[in-house]
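Shown next, in structure tokens, is the structure this report addresses.
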Amino acid sequence: MEILWQVCAALEAAHARGVVHRDLKPENVFLARAPDGREVAKILDFGIAKIGDPTSASSTAAGMVVGTPEYLSPEQALGGEVDTRADLYSVGLIAWRTLVGRHPFKAADPRALLMMQATQAVPPLTEARPELAEFPALVAAVARACEKEVSQRYQSAGQMKLDLAAALPASSPPPAPPPVPPGSATRRAGRRRRRGRPSRLGSLRSSASPVPGPLPAAGAPGPHSTFDLAHRRARRPERRSPRP
């Protein structure tokens, strides 16, 4: 949940500048190591982002469908007008998948998946994992982010960030999702992290580990509120040629 909090903080900064990502998914969230040792989430790939007036409700013209079907908002799937709240729907689906271990929808092809995004309600977390009923505030936060009706969804990333911070005490992480089969992306991500390289959120089960310390207060300075468009690769030691 700490990682999702950071994602909301980054979106809050982006949206304040009039930037709508429109293609938020686990593959576009990387984890980097800060100088003090903390893991910092960074949002990448703003290739199809739209920049508009931060005070405007809409930033994307109707009739366009852009993004990844698995994480498209209903308004994107229908080619409707898109604003910052579309990104929050994507965050809700990322949270759902992080906590359950799979995507909430199963479809035979992208077209069918788009129809499900547009018309079918996202199942409650407790339907897939009844034990999450012990965290009602967390379940409610994810459900609100995944609302089909834009007016019923979170109206800002800051609102969702505050609810995530209040929903889950640092000392009580939710139970881990089902184990990942051997040879999966999670194991590869572990090797990447040991080598000092950033890892994709889609390759990690962040809910399986306790949140490292209490969540920072809203507006607190530091890397959590940084709006990052790219990450730096870990530097490798220079190789010296053998002496003649």
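Values in this text are rule-based calculations from the coordinates and carry no lab data. Since we're looking at a predicted model, the values are computed, not measured. Every residue, glycine as well, gets a Cβ built from its backbone with ideal geometry; the counts of neighbours run over all protein chains shown.
Per-residue counts of other Cβ atoms within 10 Å, averaged by peptide: what ranking do you get for 134-145, 106-117, 29-40, 1-12, highest first?
By packing density, highest mean first, the sequence is 1-12, 134-145, 29-40, 106-117.
Can you tell me the FRET efficiency between A133 and R102 if r is taken as the Cβ-Cβ distance and R0 is 25 Å, rounded to the nearest 0.05?
Result of the calculation: an efficiency of 0.85.
Taking the highest mean first, how do the peptides 93-99, 16-22, 127-133 order by number of other beta carbon atoms within 10 angstrom per residue?
93-99, 16-22, 127-133
Label points 7 Å out from Cα along the Cβ direction at E27 and A166: separation in nm?
In this crude spin-label approximation the distance works out to 3.6 nm.
Measure off 7 Å from each Cα along the Cα-to-Cβ vector at K148 and L44, then give the distance between these two points in nanometres to one decimal.
Distance between the two pseudo-spin positions: 3.4 nm.
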